[in-house]
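The values are calculated or read from the model by the stated rules, or taken from the named source; none is laboratory data. This structure is a prediction, so every number in the text was calculated from the model and none was measured. Using ideal geometry, Cβ is built from the backbone for each residue, glycine included, and neighbour counts are taken over all protein chains shown. Accessible surface is based on the protein model in full, side chains and every heavy atom, while ligands, DNA and RNA are left aside. Shrake-Rupley method; radii C 1.70, N 1.55, O 1.52, S 1.80 Å.
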Amino acid sequence: MEILGIDIGGTGIKGAVVDTQTGALITERKRVLTPNPSKPVAVAEAVTELVRQFGKPCPVGIGFPSVVRSGVVMTAANIHPKWIGTNARELFCQATGCQVQVLNDADAAGMAEMTFGAGQGRKGVVLIVTIGTGLGTALFTNGHLLPNTELGHIEIDGVDGEQRASDAARKREKLSWEKWTRRFNRYLTRLEQLVWPDLIILGGGTSKEHARFLPLLTVKTEVIPAQFLNEAGIVGAALAAQQMVEQS
Ligand code: BGC
């Protein structure tokens, strides 16, 4: 099935049409800027513009940087607080005229990695951590997703993990890779002690720099980089929309 996958981030909204049989992007990736302030109506207009650029294909899957329960946004760590309580699925559906599925962005990335990427065929507990503006997590057991885990917000020494160990923190505080890796390692060790995964997959924009920090990590669990890097969110969002179509 050909489905438009969209990934909404703090600065950009990216999309491409995905072949959900193979996970391949079958169009080029297009991007529009995330409006600032990123309030619901403005973001819906930007998404509609992006959908229009693809000639309005239906259905559409959208990865969103928040807890999303049955289409409703529950949190807003890196997006405008006006989103809290908004039914994003209904809003995007009305704005675009398409059948829409909305899910957490890290869950979308995790679905792509488990289906076609680094986690393909891996049983047991697999934890995907996306490193970007925020720290996103997706938790799978024997290939089944436990949605909206939000383990990026685990507190380390009383501070939200994401505030200290995300890529935004590295840039904001101008940390060297060594210093940031020490923080990230501490965060990952805490996560390991709580979840005891069989495999950790590191995704998000920063995962393309994995050669700089992966060898320095001391967690006991096997840690590997994601295969899709920045495209995982787009591919996974399309997979989620396919599931919605199949179930309707
Ligand atoms: C949000 C998560 C999101 C992650 C990555 C965090 O701040 O709480 O819902 O998955 O950022 O965007």
> Out of region 125-143, which residues are more than 10 Å from the ligand (Cβ to nearest atom) and modelled with pLDDT under 95?
Replying inline: none
> Would it be correct to say that T181 is within 16 Å of the chain's Cα centre (by Cα) and buried (at least 16 other Cβ atoms within 10 Å of the Cβ)?
Replying inline: no
>> Exactly one of these conditions fails for E90: (1) assigned to a loop (DSSP other than H, G, I, E, B); (2) away from the ligand (no atom under 16 Å from the Cβ); (3) more than 16 Å from I234 (Cβ to Cβ). Give me its number.
In response: (1)
> How about region 184-213: which of its residues are open to solvent by 40 Å² or more (accessible area, probe 1.4 Å) and within 29 Å of K14 (Cα to Cα)?
Replying inline: K208, E209, H210, A211, R212
>> Take the residues in region 144-159 that are crowded, with 16+ Cβ neighbours inside 10 Å and assigned to a strand (DSSP E or B); name whichever of them is nearest to the ligand (Cβ to nearest atom).
In response: L145
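Can you find even one residue in region 99-108 that is in a loop (DSSP other than H, G, I, E, B) and under 23 Å from G136 (Cα atoms)?
Just the residues of region 99-108 that are in a loop (DSSP other than H, G, I, E, B), to begin with: 99.
Pick out the ones that are also under 23 Å from G136 (Cα atoms) and you get none.
No, region 99-108 contains no residue that is in a loop (DSSP other than H, G, I, E, B) and under 23 Å from G136 (Cα atoms).
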>> Need pairs with beta-carbon distance below 7 Å; first residue closer than 16 Å to L175 by Cα and within region 203-214, second open to solvent by 70 Å² or more (accessible area, probe 1.4 Å) and within 16 Å of the ligand (Cβ to nearest atom); sequence gap 6+ or separate chains.
In response: none
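Can E113 be described as open to solvent by 60 Å² or more (accessible area, probe 1.4 Å) and either in contact (Cβ under 8 Å) with a residue 12 or more places away in the chain or outside any loop (DSSP other than H, G, I, E, B) (or both)? If you could, list the steps in order and put the result at the bottom.
Details: open to solvent by 60 Å² or more (accessible area, probe 1.4 Å): no; either in contact (Cβ under 8 Å) with a residue 12 or more places away in the chain or outside any loop (DSSP other than H, G, I, E, B) (or both): yes.
Against the criterion (open to solvent by 60 Å² or more (accessible area, probe 1.4 Å) and either in contact (Cβ under 8 Å) with a residue 12 or more places away in the chain or outside any loop (DSSP other than H, G, I, E, B) (or both)), E113 does not qualify.
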> Could you give every pair whose Cβ atoms fall below 7 Å, whose first residue belongs to region 120-132 and is basic (K, R), and whose second residue is assigned to a loop (DSSP other than H, G, I, E, B) and modelled with pLDDT of 95 or more, counting only separations of at least 6 or pairs across chains?
Replying inline: K123/N142
> Mind checking which residues of region 50-79 are more than 13 Å from the ligand (Cβ to nearest atom) and either in a helix (DSSP H, G or I) or open to solvent by 20 Å² or more (accessible area, probe 1.4 Å) (or both)?
Replying inline: L50, V51, R52, Q53, F54, G55, K56, P57, C58, S70, V72
> What pairs can you find where one residue is in region 234-248 and over 14 Å from G117 (Cβ atoms), the other is surrounded by fewer than 15 Cβ atoms within 10 Å (Cβ to Cβ), and their Cβ atoms are less than 6 Å apart, with a gap of 6+ or different chains?
Replying inline: Q242/M1
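Quickly run through region 18-31 and pick out the residues that are surrounded by 20 or more Cβ atoms within 10 Å (Cβ to Cβ) and either within 16 Å of the ligand (Cβ to nearest atom) or of a type in the set (V, I, T) (or both). Break it down into steps so the answer makes sense when it comes.
Taking region 18-31 as the starting set, the residues that turn out to be surrounded by 20 or more Cβ atoms within 10 Å (Cβ to Cβ) are 18, 20, 23.
Scanning region 18-31 gives V18, T20.
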>> Condition first: at pLDDT below 95, closer than 14 Å to Q94 by Cα and out of contact with any Ser or Thr (no Cβ under 9 Å at 6 or more places or on another chain). Now tell me which residues in region 48-66 satisfy that.
In response: P59
> Has region 101-115 got at least one residue that is within 16 Å of the ligand (Cβ to nearest atom), over 26 Å from T22 (Cα atoms) and either assigned by TED's automatic domain parsing to the domain that holds L146 or in contact with a Ser or Thr (Cβ under 7 Å, 6 or more places away or on another chain) (or both)?
Replying inline: no
